[in-house]
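Note sheet for the following structure.
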Amino acid sequence: MADFIREELAGSRFEQVDLRRARFEEVDLTDARFRNVYLTGATIRGAVLQDVDIDGDVVNVQINGVDVGPLIEVELNRRHPERTKLRPSDAEGFRQAWAVIEESWPPTVDRARQLPAELLHERVDDEWSFIETLRHLVMATDAWVKRAMLGDPDPFDALALPHTEMGEVPGVPNDPDARPTLEEVLALRADRMAVVREVMAGLSDKVLSGSTDPVTSPGYPEPGSYPVRRCLQAVLNEEWAHRLYAERDLAVLERRLHGHR
């Protein structure tokens, strides 16, 4: 263990660092950035939270004695009533949830089409560009539906984009520098969405309650058997979350294009 007391660490980068049970006291975190951090069991006292933007899974989080998780859920469902369908309990519910996903994307794509092509490759605040987002969703379907559920030993398109932290995994393409056109990626997306639609159409409650046949070839997810519900829920979660991220960043690009901050 190391102690950092009265140290000047402004601008430091901590990546793949284990800080479990670390203590922070009188620490200035102004303008700090946290990405893919795990704060389970964290305790924060005497904090000043002002102009803070948090995006994540909020469960049993108390602020000033108030569990804010349920409040956030209520507000998100008020903003997006269709969101309540995205935690289905049976096969028919999964079909309805997928219909929500398919209906939600066309307005977002139409919005992206209004921007110059080069902006669709531009990152906002170091988040994925619009094109990268679509590529990642191809990856999600290839991994959790084509590979894990359907047993395809070679499911990945060359343009599929894994999550950044994955690194190099045998059998999984990873070309973050590729710059396909919007139409190229949309064609891939249409194909993958049709695959999910077909799986949902044939889904039964019996299949949903079971597990996949074991995957044996190298790749992602790791070889093994997976609950069918987990596979399909993973795709729903990815589709819903990344569309909202895309909408958020498209708004920034639109303002930038029109000269507004």
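No value in this document is a laboratory result; all are computed from the given coordinates. Everything quoted here is computed from the prediction, not taken from an experiment. Quick reminder, even Gly has a Cβ in these numbers, built from the backbone with ideal geometry, and neighbours come from all protein chains shown.
Remarks
- Distance in nm between pseudo-label sites at Arg111 and Ile63 (7 Å out along the Cβ direction from Cα): 2.3 nm
- Fewest-first ranking of Thr141, Thr84, using other Cβ atoms within 10 Å as the exposure measure: Thr84, Thr141
- Euclidean distance between Cα centres, the range 144-171 to the range 8-78, Å: 31 Å
- By the count of neighbouring beta-carbon atoms within 10 Å, fewest first, Lys85, Lys206, Lys146 end up ordered Lys206, Lys85, Lys146.
- The range 1-155 gives an Rg/Rh value of 1.02, both radii derived from C-alpha positions and Rh following Kirkwood.
- Inter-label distance, nm, simple model (7 Å from Cα along the C-beta direction), Val169/Phe34: 2.6 nm
- Distribution of pairwise C-alpha distances over the chain, 10 Å bins, in %: 6, 24, 30, 26, 12, 2, 0
- Compactness relative to 2.2 N^0.38 Å, alpha carbon Rg of the range 1-52: 1.20
- Exposed loop sites, defined as chymotrypsin sites (Phe, Trp or Tyr not before Pro) outside DSSP H, G, I, E and B with at most 16 other Cβ atoms within 10 Å, are absent from the longest region of the chain, namely 39-261.
- Counting every other Cβ atom within 10 Å of each residue's Cβ, Thr164, Thr133 order from fewest to most as Thr164, Thr133.
- Membrane-span-like helices in the chain (whole DSSP H runs, Cα extent of at least 24 Å along the helix axis, mean Kyte-Doolittle hydropathy of at least -1.0): 91-113, 182-201, 228-257.
- Cut-off of 10 Å, at most 13 other beta carbons, DSSP loop: longest stretch of the chain lacking such GluC sites (Glu not before Pro): 27-167
- Rounded, prolate or oblate (a/c below 1.5 giving rounded, otherwise prolate when a/b exceeds b/c) for the range 91-192 by Cα gyration tensor: oblate
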